[in-house]
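The values are calculated or read from the model by the stated rules, or taken from the named source; none is laboratory data. Computed from a predicted structure; not experimentally measured. Quick reminder, even Gly has a Cβ in these numbers, built from the backbone with ideal geometry, and neighbours come from all protein chains shown. Areas reflect the complete protein model, heavy atoms only, side chains present, ligands, DNA and RNA absent. Shrake-Rupley method; radii C 1.70, N 1.55, O 1.52, S 1.80 Å.
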Amino acid sequence: MFKAKAYSAASATAPLASSTIPRRDTTERDVQIEILFCGVCHSDLHHARDEWHSIMPTVYPCVPGHEIVGRVTKVGSAVTKFKPGDLAGVGCLVDSDHTCPNCQDGLEQLCPNQTLTYGSPDKHLGGVTYGGYSDSIVVDERFVLHVPANLDLAGVAPLLCAGITTYSPMRRWGDIRGKKVGVVGLGGLGHMGVKFARAFGAHVVVFTTSPGKKEDALRLGAHEVIISTNAEEMKKHAGTFNFILDTIAADHDINAYITMLGRDGNITLVGAPEKPLAVSAFALLFGRRSLSGSIIGGIAETQEMLDFCGEHNITSDVEVIAIQRINEAYERLLKSDVKYRFSIDMASLKSE
């Protein structure tokens, strides 16, 4: 075991502060990574403030961070996929049971015995796992990803969560070339959805309540922008979409978007509103429309996504911050005051 520098929260009301945490020495299957950048996900804030207590109570101290990009510094004797010096990424998972039907199908994100990057029971050291707001992490090589060398690393970090969350449902839906694809919301998830849909060759339409976001939506790759509060605009496009990605985490009228779908169209939720959404059965029945949900992706699909990003030069739009500004970033996150993700330059931790 060795000590790593980190930023941790001591309680639900305490600000994140400099600390040290234990990391395990590399076992034969482990990869040790010097963390260069770590994205800031809204889940980090929820976890640090114990806002998901009824589902996954936070154990303190907690170290968030599951959008990790770094460089391999050490590998175990049985590691075959990585060597020191390689660029590497770690997303929301660091282990699973490897034996359940979901794992056998390459869907580790659905494993009932998965180990999350932070906040899960730590099989090696006891306590819970600690995330990427740290200078170093040790992970089983089966959950480490190769990062394309041609991409900006600060912008790669959010791909490990926001990227795969939006990539996976589009890929699962099928070939969307030439199809009409909608993206509801233009935030951390939505802006990635626009980039992927455009790269897949779809006709991309952004739904937003903010007219001021139109210019940015077009810059990111949208062909059209619909102001969802404009009844005439919504009516004009009703029944014309093949697929819609709904990224909204706040309460909203899902039926307004279901009726945008054409026959056999699908709307997939990747945002998670706190309260249940009221769904009109008739909106689904007429048109054989479907409503589904999706979370991240398996390891193989995440690697596929990173390779796709390397080929198409896709990264997240980020604001790079020092770790010392993380509490300020959380406050700004609550106000949606970021375009479109924060990415922590972990070199700033060396000054602690």
- Karplus ³J(HN,Hα) for the stretch 144-157 (6.51 cos²θ - 1.76 cosθ + 1.60, θ = phi - 60°; Hz, whole; x = Gly/Pro) runs 10, 10, 7, 9, x, 6, 8, 9, 5, 5, 4, x, 6, 3
- Query: So what's the net charge close to Leu186: Lys and Arg +1, Asp and Glu -1, counting the other residues with Cβ under 15 Å from its Cβ?
  - Reply: +1
- Give a quick list of trypsin sites (Lys or Arg not before Pro) in the stretch 147-179 that DSSP marks as loop, anything other than H, G, I, E or B, with at most 13 other Cβ atoms within 10 Å. Arg177
- Would you tally the net charge around Phe2, using a Cβ to Cβ cut-off of less than 12 Å, leaving Phe2 out, and scoring K and R as +1, D and E as -1? +3
- Between Asn327 and Ala17, what length in nm is gained on full extension when 0.36 nm per residue of separation is reduced by their alpha carbon distance? 110.7 nm
- Item | Net +/- balance of residues flanking Gly119 in space, Cβ distance below 12 Å, scoring K and R +1, D and E -1 | -3
- Message: Taking the Cα of Glu304, stepping 7 Å toward and past its beta carbon, and measuring to each backbone N in the stretch 134-174: which are under 16 Å?
- Response: 146, 163-174
- Task: Express in nm, to one decimal, how much length is gained between Thr209 and His223 on full extension, taking 0.36 nm for each residue of separation and deducting their alpha carbon distance.
- Result: 3.3 nm
- Task: Just subtract the alpha-carbon distance of Ile55 and Glu34 from 0.36 nm times their residue separation and send over the number in nm, one decimal.
- Result: 4.4 nm
- Query: At a 1.4 Å probe, what is the % contribution of carbon and sulfur to the accessible area of the stretch 32-169?
  - Reply: 54
- Show which lysines lie in cross-link reach of Lys81 when reach means a straight Cα distance below 23 angstrom and same-chain residues fewer than eight apart are skipped. Lys123
- Task: With a 1.4 Å probe and every protein chain left in place, work out the accessible area per residue of the chain in Å², rounded to a whole number.
- Result: 43
- What are the trypsin sites (Lys or Arg not before Pro) within the stretch 248-340 that DSSP puts in a loop, where the Cβ has at most 12 other Cβ atoms within 10 Å? Arg288, Lys335
- Query: ³J(HN,Hα) across the stretch 276-290 via Karplus (A = 6.51, B = -1.76, C = 1.60, θ = phi - 60°), whole Hz, x for Gly/Pro?
  - Reply: x, 8, 7, 10, 7, 4, 5, 4, 7, 4, 7, x, 6, 7, 10
- Task: Give the shape of the stretch 81-147 as rounded, prolate or oblate, defined through the alpha-carbon gyration tensor: a ≥ b ≥ c are the square roots of its eigenvalues, a/c under 1.5 means rounded, and otherwise the shape is prolate if a/b is larger than b/c and oblate if not.
- Result: oblate
